[in-house]
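Structure first, then comments.
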């Protein structure tokens, strides 16, 4: 039953999905990695291979462990391929309509006892569960980025999530060697409810001319002991994701303090989405990142 998770499906082979597949395979789970097309899956597998190789070079894992992990991951080009999974984690883009469609399609292909999870960083678990055929076996399992490095996973129960699903999810996260923190199902949960408004405030600080990109990031690194500055972090997360989460907070809690900064909106409209796009608050196209403002 739900407690016996052996095979894990991951829908979405991007930065988060490939990271989730990576840690599941390292923990000995059989993993099926799905995306819209074979090219994306191939790119995800290449990312996993590279990240595992990096762990070998750092001495975190052995070459033998790397080979074993890679052997645990198989591509799954169609959702029908996930029929044998005990747990499927949706890790698509942070857009509710996209996630809803995937979840509806997934339900037609999963065995009745399978647990369905979402890696959403901000969207209501209860609302997503409502479009599925298994609200009691639906849960939020929110990994942090980069998944292989970050130790925390937020577990979020929807209003209908059953105890058995919750216990199986806790055991699964523990098996990955991660620590879980339980969050209530409110917009952006815990980490992003605290972190993203801070990033948004840093963007306002830039927008209002209080400080430059470099001075804001230096101030928070050296003055608040943050490992990376908030604007650098925004570029790492992806400015489109930052904006999506701020919109969820603003709409979900109806508080003006969550209003996305107009400068953030402008950058997203320009397609300057951060590191993945080559430009955000920094320009990454040269030898080293240069502030764009």
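Scan segment 133-143 residue by residue and report those that are in contact with a helix residue (DSSP H, G or I) (Cβ under 7 Å, 6 or more places away or on another chain) and under 19 Å from residue 17 (Cβ atoms).
If the condition is that a residue be in contact with a helix residue (DSSP H, G or I) (Cβ under 7 Å, 6 or more places away or on another chain) and under 19 Å from residue 17 (Cβ atoms), then 138, 139, 140, 141, 143 are the ones that fit.
Scan segment 260-281 for residues that are more than 17 Å from the chain's Cα centre (by Cα) and either assigned by TED's automatic domain parsing to the domain that holds residue 93 or in contact (Cβ under 8 Å) with a residue 40 or more places away in the chain (or both) and report the count. Explain how you work it out, then say what you get.
First, pick out the residues of segment 260-281 that are more than 17 Å from the chain's Cα centre (by Cα): 260-272, 277-281.
From what is left, the residues that are either assigned by TED's automatic domain parsing to the domain that holds residue 93 or in contact (Cβ under 8 Å) with a residue 40 or more places away in the chain (or both) are 260-264, 280-281.
Qualifying residue count, segment 260-281: 7.
Output yes when any residue across segment 57-67 is free of Cβ contacts under 8 Å to residues at least 40 places away in the same chain, on the phi > 0 side of the Ramachandran plot and surrounded by fewer than 16 Cβ atoms within 10 Å (Cβ to Cβ), and no when none is.
Looking only at segment 57-67, we keep the residues that are free of Cβ contacts under 8 Å to residues at least 40 places away in the same chain, and these are 57-67.
Within this subset, residues satisfying the condition of being on the phi > 0 side of the Ramachandran plot are 59.
Among the residues that remain, those that are also surrounded by fewer than 16 Cβ atoms within 10 Å (Cβ to Cβ) are: 59.
Yes, segment 57-67 has at least one match.
Within the set of pairs 6+ apart or on separate chains, which have a first residue in segment 11-38 that is outside the structural domain of residue 145 (by TED's automatic domain parsing) and without any contact (Cβ under 8 Å) to a residue 40 or more places away in the chain, a second that is buried (at least 24 other Cβ atoms within 10 Å of the Cβ) and assigned to a helix (DSSP H, G or I), and C-beta atoms under 7 Å apart?
Short answer, once both residue conditions are applied: none.
Tell me, yes or no, whether segment 196-204 has at least one residue that is in contact with a helix residue (DSSP H, G or I) (Cβ under 8 Å, 6 or more places away or on another chain), closer than 28 Å to residue 265 by Cα, buried (at least 16 other Cβ atoms within 10 Å of the Cβ) and not assigned by TED's automatic domain parsing to the domain that holds residue 276.
no
Which one of 42, 78, 74 is more than 17 Å from residue 9 (Cβ to Cβ) and at pLDDT 95 or above? Steps first, answer last, please.
Numbers: 78 fails: more than 17 Å from residue 9 (Cβ to Cβ); 74 fails: more than 17 Å from residue 9 (Cβ to Cβ).
Sole residue among the options that is more than 17 Å from residue 9 (Cβ to Cβ) and at pLDDT 95 or above: 42.
The values are calculated or read from the model by the stated rules, or taken from the named source; none is laboratory data. Treat the numbers as computed from the prediction; the structure is a model and nothing was measured. Ideal geometry is used to build each Cβ from the backbone, glycine not excepted, and the neighbour counts take in all protein chains shown.
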